[in-house]
Amino acid sequence: MKKVYISSSETETAAVASKLAQITERGDIWALSGTLGMGKSVFARAFIQTLSDAEEVPSPTFTLVQTYRTPMFDIYHYDLYRLKEASEIFELGVEEAFYEGVSLVEWPEKMGSFAPRNMWHIVIEADGEKRKITISTDDEQKIKRLADV
């Protein structure tokens, strides 16, 4: 199933992220794809701030991962842009994060063959002056949750 949103601003991108944050569950992995400057970090920041009390949500470009606590689970925000080898993801503790928390993964293609199969896929791309945000999943349970957004 695919759902598409057209965003005219960072505020609208944040609103989409906030809606999706409200349907997330422990173990969800959100793969955020798009070229530089498309709004992946804007999306991640709004998603995290919807569920946590984090005021500052810096991009984990240099730290590679930031963790945020919520009452239900921890949120792990990964930026894999700087990875040189796909196997380096295991040095970031992804096994526990993918099972115990909710993960937002920018540049998921850097995981290569180690990428989990059951991820939510978010693609953000230019659509003229706007952004096209495509959310997709093949998982039946996720499809039901997405239908409510």
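For the condition under 15 Å from the mean Cα position of the chain (by Cα), among the β-branched types (Val, Ile, Thr), surrounded by 17 or more Cβ atoms within 10 Å (Cβ to Cβ) and closer than 18 Å to Tyr76 by Cβ, what is the one hit in Ile122, Ile135?
Values: Ile135 fails: closer than 18 Å to Tyr76 by Cβ.
Of Ile122, Ile135, the one residue that is under 15 Å from the mean Cα position of the chain (by Cα), among the β-branched types (Val, Ile, Thr), surrounded by 17 or more Cβ atoms within 10 Å (Cβ to Cβ) and closer than 18 Å to Tyr76 by Cβ is Ile122.
Looking only at the stretch 90-149, how many residues end up being over 22 Å from Thr67 (Cβ atoms) and among the β-branched types (Val, Ile, Thr)? Steps first, please.
Applying the first criterion (over 22 Å from Thr67 (Cβ atoms)) to the stretch 90-149 yields 109, 112-113, 117, 121, 123-149.
Next, only the ones that are among the β-branched types (Val, Ile, Thr) stay: 123-124, 133-135, 137, 143, 149.
Counting residues in the stretch 90-149 that are over 22 Å from Thr67 (Cβ atoms) and among the β-branched types (Val, Ile, Thr) gives 8.
Quick one: Lys110 ticks every box in (1) over 29 Å from Ser8 (Cα atoms); (2) surrounded by 13 or more Cβ atoms within 10 Å (Cβ to Cβ); (3) among the basic types (Lys, Arg) bar one, so which box is it?
The number of the failed condition is (1).
Which numbered condition in (1) modelled with pLDDT of 95 or more; (2) more than 14 Å from Thr137 (Cα to Cα); (3) surrounded by fewer than 21 Cβ atoms within 10 Å (Cβ to Cβ) is the only one that Val4 fails?
(2)
Would you please name the residue that is modelled with the lowest pLDDT, looking only at residues in the stretch 49-80 that are closer than 14 Å to Val94 by Cβ and not in a strand (DSSP E or B)?
Pro60
With the condition kept exactly as written, say whether any residue in the stretch 113-125 is part of a loop (DSSP other than H, G, I, E, B), free of Cβ contacts under 8 Å to residues at least 40 places away in the same chain and in contact with a Phe, Trp or Tyr (Cβ under 8 Å, 6 or more places away or on another chain).
Within the stretch 113-125, the subset part of a loop (DSSP other than H, G, I, E, B) is 115-119.
Those still in the list that are free of Cβ contacts under 8 Å to residues at least 40 places away in the same chain too: 117.
Then drop every residue that is not in contact with a Phe, Trp or Tyr (Cβ under 8 Å, 6 or more places away or on another chain), which leaves none.
The answer is no, given that none of the residues of the stretch 113-125 is part of a loop (DSSP other than H, G, I, E, B), free of Cβ contacts under 8 Å to residues at least 40 places away in the same chain and in contact with a Phe, Trp or Tyr (Cβ under 8 Å, 6 or more places away or on another chain).
Enumerate the pairs (first residue in the stretch 15-38 and over 22 Å from Gln141 (Cα atoms); second residue anywhere and of a type in the set (Ser, Thr, Tyr) and modelled with pLDDT under 95) with beta-carbon separation below 9 Å, excluding pairs fewer than 6 apart on the same chain, so at least 6 apart or on different chains.
Final answer for the pair search is Leu36/Tyr81.
In the stretch 77-104, which residue that is touching a Ser or Thr at 6+ places or on another chain (Cβ under 9 Å) and hydrophobic (A, V, I, L, M, F, W, C) is surrounded by the most Cβ atoms within 10 Å (Cβ to Cβ)?
Filtering first and then ranking leaves Val102.
Would you confirm, using the coordinates I've provided, whether Leu36 is surrounded by 14 or more Cβ atoms within 10 Å (Cβ to Cβ) and aliphatic (A, V, I, L, M)?
Values: surrounded by 14 or more Cβ atoms within 10 Å (Cβ to Cβ): no; aliphatic (A, V, I, L, M): yes.
So Leu36 fails the test.
The values are calculated or read from the model by the stated rules, or taken from the named source; none is laboratory data. Bear in mind that the values here come from a model prediction, so they are computed numbers and not experimental data. Quick reminder, even Gly has a Cβ in these numbers, built from the backbone with ideal geometry, and neighbours come from all protein chains shown.
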